[in-house]
Amino acid sequence: GLEVAYPCDTMLISRLLHGAEAGHGLKELAGRYGLPPKGDLDFMKGVKAPTTGQMADLRNYAVNDVRITAALAERMWPYVAQRPIELWAMAHSLCMFVERPLPVNAKVVTSTAGQLEQDIRERVAATGLDEKCIRSTKRFPEMLGAALARTGRSLPMKPGARGPIPAIAKDDPAGPALLADADPTVRALMEAKVALSSAAGSRGRLEHLQRGAHFMSGRCAFLHSYHTAGTGRFAGGNGFNIQNLKKVDGEGGIAAGIRRAIHAPRGMSLVAADASQIEARILAFAAEQYDLHHSFANGEDVYSSFAAWHLGMEVRKPTPADPPEKAASLNVLRQIGKQAVLGLGYGMGVRGFIESLKSKPALAHLIASGFLNASTCARVVYGYRDQYPRVCEAWGCSEAAMFQAIQGVPVAALGCHFEVHLGTLYIVLPSGRRLVYPDVRIKPPAYGQVEYINRDGITERMQRCNARAVYGDDNYLYGGLIVENIVQAIARDLLVDVMYRVESEGLPVVLHCHDSVTTCVREDEVAHAEQVLIQAWREVPSWASGLVLNAEAKHGTTLAEL
C-alpha cells in the first residue's frame, strides 16, 4: 500500500557531494561517514538451501544495509538539501527510466541489424581478405603497410607500452585521413577495419532495442544516469548511451536506422530544442570576452567571420543560389572556423588543432592536400588568442586560483569560488553546485624540453620547469582543463534548469542530452511545446543573469527527424 512519491538514492547524492570518481557503494559510504561496516555474503557462497541460522544471518545482513542507508540519508541530507533542484534531478532521472519508455519499431530494428551485417560482409569482401585477418593485430598492419608502401608511404606509428605500435585506430589522428585516402586499396582496408571495430557497439545498441521491443510490449527505456561525469553530466547505461547517439551517420546508415526505430506513440510527436553554441557562449560570458558573447547574442555567424578573417578568403553559409561545388567548399571552410571557435578556448596549441582537424573526416583531406599546414594552422590558433585575449587570461586566472586554494587561500575566479578542504579541491559554481577534485596536490617541477609550434608555424623547443597540480590517480589539472570543466558544468546546470522549467509547464521530458531537451506531446500541441522549449532555454536562471542563450526546435515522429 505504499506509493513512492519522491524517490531518492544515497548513491546519487554521493555523486553530487563527492564527485564522480569517488566510490559510491554502501561499503565505501559507510566507511567515509564513520558508520558500522557493511557485512558480506561470503557465508552464502555455494549455498542452495539455507539453514535456519543462515536465514537469520541473511536477515541481519539486510537489516544492517537498511540501517546504514537510513543513517547515510540523515547525514547527507542537510548538504544536498541546499540544492533542491538537484534532488529533483535525481528523482527525475529515476522516473524517466521507470515511467517514460519510448516505442520501438521492431521491423526497423531487424532491418537495420540485417543492413549492418550485410555492410560488414561487403566491406570485408572488398579487401579480398577474411574477417580473421582484418581483426588480427599482426596481419592487418602488415597488409595495410604493404598497400601504403606501393605509393612510397609507411605505416603511421605511435608509442606503445612495449615500443612503437600502429597508429591506425579510428580515433588516431591518421585514422580519418586513411579512411579518405586516394588509394582505393588503403581506403577499403580501413573501411573494413572500422566496420568490424564499430560492429560490437552497433550490435549492442540494436540488441538493446530488440530486447525492449520483445519484453516491454514494444517499448524501450533509456537510462539518463545522474551525475556520472566529473562535471555533473548525465550518461547512458545498460549498453545504450542515448547521450552520444549519432545524428550524422558515418557507419553505413546504421545510426540513422537506430534513430528511425525510436519513435513517439501513435498520435504523438517528439519535440526537441537544441541550445545554440551553448558552451562557446558560456565560455565568452564567464571569461568576460563580451565582444564574442555579443556576437553570439546578436545572431552573427561567428564561425564564418572568424574563418574568413584568419584564412583571408570568403567564408559564409551557402545559399540556394550557390553551385554545389561552391556550397561544399563554403561548408568546409566554415567548419574550420567552427572547430577553431569551439576547440581553441581551452588552451589547445597548434599541434592539437592540426590533430583535431585530422580527426574530422570532412576536414582531414585539407591537411593531407596541404591546403592547411603548420603555418596556416598557427595563424588560426594565435589569431584566436589575439582576437579573444580575455579567454586566454581565463586559463591563467583559473590555474592561479587553483594553486592559491591548494596553498590554503580560498579565492574567486570566473565567477566561481576555489577552496581546498581536507585535501579535496572544491570549485563552487555560480549555481552553487561544486566540482570536486579529490586528493589534490602539487608535484615538484618537471624538468625537460617540450616542443611547440610558434606563430610562424616553425617547431621550437623550450625548457619546462614548472610545478604541476594533480588530483586522484595523478590526473593532471591545469588552467585550460579547469576552464573547460567549469564551462561544461555550467552548461549542465542550465540543462537541468531547462528540464525543470519544461516539466513545470506540464510537458514530460522523455530524452535529454548535453545541450538538448526532448518532450513528447499530442500532435496538436507541437507548436506550443516548441515555444515552451525555446523560451525555457532563453530564460536563464538568476545565477546566470546576463548570459544570452537561444535554441532551435524541431519535431517529428522518430528521433531521425529531430
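The values are calculated or read from the model by the stated rules, or taken from the named source; none is laboratory data. Remember, predicted model here, so these are calculated numbers, not experimental data. Here the Cβ positions follow ideal geometry from the backbone for every residue, glycine too, while neighbour counts run over all protein chains shown. Areas reflect the complete protein model, heavy atoms only, side chains present, ligands, DNA and RNA absent. Shrake-Rupley method; radii C 1.70, N 1.55, O 1.52, S 1.80 Å.
First select every other residue whose beta carbon is under 13 angstrom from the beta carbon of Gln277; then total the charges, Lys and Arg +1, Asp and Glu -1. Spell out each step's value before the answer.
Values: positive: Arg281, Lys338; negative: Asp274, Glu279, Glu300, Asp301, Asp515, Glu552.
It works out to a net charge of -4.
Given Cβ point charges of +1 (Lys, Arg) and -1 (Asp, Glu) and nothing else, what value in debye, to the nearest 20, does the dipole of the chain about its Cα centre take? Walk me through the intermediate numbers first.
Numbers: 60 positive and 58 negative charges, 283 e Å.
About 1360 debye.
Given charges of +1 on the Cβ of Lys and Arg and -1 on the Cβ of Asp and Glu, with all other atoms neutral, how large is the dipole of the range 475-551 about its Cα centre, in debye to the nearest 20? It would help to have the intermediate numbers written out before the result.
Values: 4 positive and 11 negative charges, 52 e Å.
About 240 debye.
Could you work out the Rg to Rh ratio of the range 494-557, with Rh taken as the Kirkwood radius (inverse of the mean 1/r over all Cα pairs)?
Details: Rg = 11.4 Å, Rh = 12.0 Å.
My calculation of the ratio gives 0.95.
Kirkwood hydrodynamic radius for the range 2-61: how many Å is it when counted over pairs of different Cα atoms?
One decimal place: 14.2 Å for the Kirkwood radius.
For the range 74-177, rounded, prolate or oblate, judged on the Cα gyration tensor with a ≥ b ≥ c (square roots of eigenvalues), a/c < 1.5 rounded, else prolate if a/b > b/c? Each step should come with its number before you reach the end.
Numbers: a/c = 4.34, a/b = 1.80, b/c = 2.41.
Here the range 74-177 falls in the oblate category.
Could you derive backbone 3J(HN,Hα) for the range 527-541 from the dihedral phi with the Karplus parameters 6.51, -1.76 and 1.60 (θ = phi - 60°), listing whole Hz in sequence and x where the residue is Gly or Pro?
Ordered by residue, 3J(HN,Hα) equals 4, 5, 5, 4, 5, 4, 5, 5, 5, 5, 6, 6, 8, 6, x Hz.
Counting only heavy atoms of protein chains, what accessible area per residue, in Å², does the chain have with a probe of 1.4 Å? Let's see the in-between values first.
Details: 27600 Å² over 562 residues.
Result: 49 Å² per residue.
Report the relative contact order of the range 517-562, percent, no decimals, based on alpha-carbon pairs under 8 angstrom and at least 6 residues apart.
28
Based on alpha-carbon positions alone, could you give the equivalent ellipsoid semi-axes of the range 443-483 from the gyration tensor, as √(5λ), descending, whole Å? Let's see the in-between values first.
Details: eigenvalues 116, 40, 10 Å².
Values for the range 443-483, descending: 24, 14, 7 Å.
Over the Cα atoms of the range 146-305, how large are the radius of gyration and the largest Cα-Cα distance (Dmax), in Å?
Reported Rg and Dmax, both Å: 21.4, 60.
May I ask you to order 196-204, 505-513, 151-159 by the average number of other C-beta atoms within 10 Å around their residues, highest value first? Before the final figure, lay out the partial values.
Working: 196-204: 15.2, 505-513: 18.4, 151-159: 12.3.
Going by the mean number of other Cβ atoms within 10 Å, highest first, we get 505-513, 196-204, 151-159.
If I model the range 410-497 as equal point scatterers sitting on the Cα atoms and use the Debye formula, what is log10 I(q)/I(0) at q = 0.17 Å⁻¹?
At q = 0.17 Å⁻¹ the computed log10 ratios are -0.83.
Among 123-134, 63-74, 273-284, how do they line up by average Cβ neighbours within 10 Å per residue, starting with the highest?
Working: 123-134: 16.1, 63-74: 14.4, 273-284: 22.4.
Descending packing order for the listed peptides: 273-284, 123-134, 63-74.
To two decimal places, what compactness ratio does the range 35-86 give when its Cα radius of gyration is scaled by 2.2 N^0.38 Å? Write down the numbers at each step before the final one.
Details: Rg = 16.1 Å, N = 52, 2.2 N^0.38 = 9.9 Å.
Computed over Cα atoms of the range 35-86, the ratio equals 1.63.
Just the C-alpha atoms of the range 311-350: what Rg/Rh do they give, with Rh taken as the Kirkwood radius? Show your work: numbers first, answer last.
Details: Rg = 12.4 Å, Rh = 11.3 Å.
Here Rg/Rh amounts to 1.10.
Amide H to amide H, which residues 5 or more places from Val510 or on other chains are under 5 Å from it, using H placed in the peptide plane?
Thr518, Thr519, Cys520
Relative contact order of the range 214-370: what whole-number percent is it, with Cα pairs under 8 angstrom and at least 6 residues apart?
Numbers: 125 pairs, mean separation 16.2, N = 157.
With pairs under 8 Å counted, the relative contact order is 10 percent.
So for the pair Asp291, Ser545, with labels modelled 7 Å out along Cα→Cβ, what separation do we get in nm?
2.8
Taking only DSSP H segments of four or more residues, each worth -39500 (n - 2.57), what value at 222 nm results for the chain once the sum is divided by all its residues, to the nearest 500 deg cm²/dmol? Could you put the intermediate results ahead of the total?
Details: 20 runs with 280 residues, N = 562.
That comes out to -16000 deg cm²/dmol.
Please report, in cubic angstrom per residue, the volume enclosed by the convex hull of the alpha-carbon atoms of the chain. Mind showing how you got there, number by number?
Details: hull volume 121.1 nm³, N = 562.
Value for the chain: 215 Å³ per residue.
Can you tally the net charge around His310? Count Lys and Arg as +1, Asp and Glu as -1, for every other residue whose Cβ sits under 12 Å from the Cβ of His310.
On the way: positive: Arg379, Arg385; negative: Asp386.
Net charge around His310: +1.
For the range 426-562, what does the alpha-carbon gyration tensor say about shape, rounded, prolate or oblate, given a ≥ b ≥ c as the root eigenvalues, a/c under 1.5 as rounded, and a/b over b/c as prolate?
Numbers: a/c = 3.17, a/b = 2.24, b/c = 1.42.
Here the range 426-562 falls in the prolate category.
From the alpha carbon gyration tensor of the range 158-202, can you work out the equivalent ellipsoid semi-axes (sqrt of 5 times each eigenvalue) and give them in Å, largest to smallest? Spell out each step's value before the answer.
Numbers: eigenvalues 75, 46, 13 Å².
Three semi-axes, in Å: 19, 15, 8.
Grab the other residues whose beta carbon is less than 11 angstrom from that of Glu355, score K and R as +1, D and E as -1, and report the net. Show your work: numbers first, answer last.
Numbers: positive: Arg351, Lys358, Lys360; negative: Asp171, Asp172.
So the surrounding residues net to +1.
Would you mind calculating the gained length between Arg385 and Lys554 on full extension (0.36 nm times residue separation, minus the Cα-Cα distance), in nm to one decimal? Working shown, then result.
Numbers: separation 169, 0.36 × 169 = 60.84 nm, distance 3.52 nm.
Going from the current span to full extension adds 57.3 nm.
What's the ranking of 367-375, 525-533 by average number of surrounding C-beta atoms within 10 Å, highest first? Don't skip to the answer; put the middle values down first.
Numbers: 367-375: 14.9, 525-533: 19.0.
The peptides rank, most packed first, as 525-533, 367-375.
Would you mind listing how long the range 330-473 runs along its three principal axes, going by Cα atoms, in whole Å with the largest first?
54, 38, 28
Hey, what's the Cα Rg ratio for the range 246-359 versus the globular rule of thumb, 2.2 N^0.38 Å?
Values: Rg = 17.6 Å, N = 114, 2.2 N^0.38 = 13.3 Å.
It is 1.32.
Take the solvent-accessible surface of the protein heavy atoms, probe 1.4 Å, and return the percent of it on the chain that carbon and sulfur atoms account for.
Values: 14780 of 27600 Å².
With neighbouring chains kept in place, the figure for the chain is 54 percent.
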